Amino acid sequence: MAYQRACMNGDISYLADQTPTSGYPTYPNGSATQMLWGCMGDWYSGNWDDSGSLWYVAQIQEYVASQPWQ
């Protein structure tokens, strides 16, 4: 959680040097929602809005939308 908090705060300096997939904001210039999902994807792939992180985020969003806990 400390890494996620630091990411959300814009404190992960190496991410600012990365070029995201077209259509996504550069780090840390997104809305709170974009930052949340971007940071979750970064945790998976180690990169800001690259193909791996976007794949992971899509999997999580699909899982959450299916609400299997109900």
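Taken together, the values in this text are just the output of simple stated rules run on the coordinates, not laboratory data. These numbers were taken from a predicted model, which means no experiment stands behind them. Positions of Cβ are generated from backbone atoms using ideal geometry, with glycine treated the same way; all protein chains shown enter the neighbour counts.
Side notes on the structure shown:
- Taken over segment 58-67, the criterion of being assigned to a helix (DSSP H, G or I) and not hydrophobic (A, V, I, L, M, F, W, C) is satisfied by Q59, Q61, E62, Y63, S66.
- Across segment 25-42, the number of residues qualifying as surrounded by fewer than 18 Cβ atoms within 10 Å (Cβ to Cβ) and either under 14 Å from D11 (Cα atoms) or of a type in the set (D, E) (or both) comes to 3.
- Options Q4, Q59, Q67, Q18: the member that is in contact with a Cys (Cβ under 8 Å, 6 or more places away or on another chain) and polar (S, T, N, Q): Q4
- Only residues that are β-branched (V, I, T), touching a residue at least 12 places away in the same chain (Cβ under 8 Å) and not in a loop (DSSP other than H, G, I, E, B) were counted in segment 1-57, giving 1.
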